[in-house]
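The values are calculated or read from the model by the stated rules, or taken from the named source; none is laboratory data. Quick caveat, the model's predicted, so the values are computed rather than measured. Positions of Cβ are generated from backbone atoms using ideal geometry, with glycine treated the same way; all protein chains shown enter the neighbour counts.
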Amino acid sequence: MQFRGYFCNLVVKTYQLSEIDNIAAAAWEEGKTYRTWVFDAPMGAGKTTFIHALCKLLGVTDHVSSPTFALVNEYESPEVGTICHMDWYRLKDDTEAIQAGMEDAILANNYCLIEWPGKAPSILPENRFRINIELVNETTRKITTSAEAMPKKN
């Protein structure tokens, strides 16, 4: 599939929270070539829960938790190396994200899993994998995964 600078939906699925490990595995198979994953979802929809399941799949043994106050947690995976789990909720804008080192973490070519990416959109790479999680009810979510790539250069 050749991307031309737009989002291409890959999966839309409704799932129970008890199925999160299977959903994370399916998303990994679709998005593992992307080093930056961005998570769009309302508060409490399960961004960190999804990231926890993904890190478990990748063999992370560290405690996976929301980096709301630290801004970034690093985990080591025997499968992919360093994973940077970022939470940009408390950032004001792109400038503050850059000053906090978020751009450097992305440019280091580690896997970056970013919650609240809309807080600093200009520092996101053009090639990224997007996870959108919607609340259906207390135990049910709807996930949409999509990939974005830069236009092919001629």
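Details
- Residues in segment 98-110 that are at negative phi and part of a loop (DSSP other than H, G, I, E, B): Ala100, Ala108, Asn110.
- In summary, Leu58 fulfils each of the numbered conditions (1) touching a Leu at 6+ places or on another chain (Cβ under 9 Å); (2) closer than 17 Å to Tyr111 by Cβ; (3) of a type in the set (A, V, I, L, M, F, W, C) with the single exception of condition (1).
- Residue in segment 111-124 that is farthest from Phe69 (Cα to Cα), counting only those that are surrounded by fewer than 17 Cβ atoms within 10 Å (Cβ to Cβ) and of a type outside the set (Ser, Thr, Tyr): Pro121
Condition check ((1) in a loop (DSSP other than H, G, I, E, B); (2) modelled with pLDDT of 95 or more) across all residues:
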| site | (1), (2) |
| --- | --- |
| Val38 | no, yes |
| Gly44 | yes, no |
| Cys55 | no, yes |
| Val60 | yes, yes |
| Phe69 | yes, no |
| Glu79 | yes, yes |
| Cys84 | no, yes |
| Glu96 | no, yes |
| Cys112 | no, yes |
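- Taken together, Gly81, Gly59 contain a single residue that is surrounded by fewer than 14 Cβ atoms within 10 Å (Cβ to Cβ) and either of a type in the set (A, V, I, L, M) or in contact with a Pro (Cβ under 7 Å, 6 or more places away or on another chain) (or both), which is Gly59.
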